[in-house]
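The values are calculated or read from the model by the stated rules, or taken from the named source; none is laboratory data. Quantities reported herein were computed from a predicted structural model and do not represent experimental measurements. For neighbour counting, all protein chains shown are included, and Cβ atoms are generated from backbone atoms with ideal geometry for every residue, glycine included.
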Amino acid sequence: MEFLGYFFAIIIGFVMGLIGGGGSILSVPVFAYIFGIDAMTATTLSLFVVGVTSSVGSVGYIRQGIVHFKNAFLFGLPSVAGILFSRRVVLPHLPEYIINRWGITLTKDMFILVLFAILMLVSSFKMIKKIDRQRIPKSEEVNYTLLVSQGLLVGIVTGFIGAGGGFLIVPALVMLLRVSMKQAVATSLVIISVNSLIGFISSLDKVDVNWVFLLSFTALSVIGILIGVRISRKIAGRKLRPVFGWFVLSMAIFIILNELLVKQVM
């Protein structure tokens, strides 16, 4: 099982490099189900993996000069506030049992994983249907209020479930700031890397981190993203997004069934 887990570390990076995101959504299930780590710690470790891997993936875009740092700041600042709110205020104060009556038991860990699965469902639909290619007329003014609220929402989601939220960030940048898809993906990686690393650092006093394990896992993920980026030059990653979307959908259904049905009868 550990070998399988480390193999998925490479897959996580590979998918991120190949299709510009999505791979990070696998890290929490891998930590929780393959390595048997509790949900709070799994989301924290995921933030580190996502942050480091995204940082490596964004280097090439920065060199190409297509990262819009002003947009990254405008979107990223409220995101940081959302992350700190989730990691420092919400998660530490969740009760151990969300529901424990009428024969129904929903623990804190189960609750986090179910919310994560819901995010996976939304993400999978976006990848399958390719609905992130919306455009806004150039004449339309930037809605900064909506931009800040979107950034805050992404930060809360990122902090709570340990996923980068790229499938939320890219459409928001395209629709609200009217940047190209390529620039949105590049800027998104920078936002994800900063958000995730800040979320990880803010949780260090709440969890015990096995640094040897975490660095080994992250190193494999980085190798994966470097391979994915190289292969993406020959294969159009957007063509593989629907395939990965169906895989994410199946995983989301498994998590929901496992947490809400299987564990109720065990």
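Being more than 18 Å from LEU77 (Cα to Cα) and in a helix (DSSP H, G or I) is the filter; apply it to the stretch 175-184 and report the residue that is modelled with the highest pLDDT. So the residue we want is GLN183.
Looking across the stretch 239-266, the residues that are over 18 Å from the mean Cα position of the chain (by Cα), modelled with pLDDT under 75 and not aliphatic (A, V, I, L, M) come down to LYS239, GLU259, LYS263, GLN264.
Of the residues making up the stretch 100-119, those that are in contact with a strand residue (DSSP E or B) (Cβ under 9 Å, 6 or more places away or on another chain) and either surrounded by 15 or more Cβ atoms within 10 Å (Cβ to Cβ) or under 14 Å from LEU261 (Cα atoms) (or both) are THR105, LEU106, THR107, LYS108, MET110, PHE111, VAL114. Each residue in the stretch 206-218 was checked for being under 18 Å from the mean Cα position of the chain (by Cα) and among the aliphatic types (A, V, I, L, M), and 1 pass.
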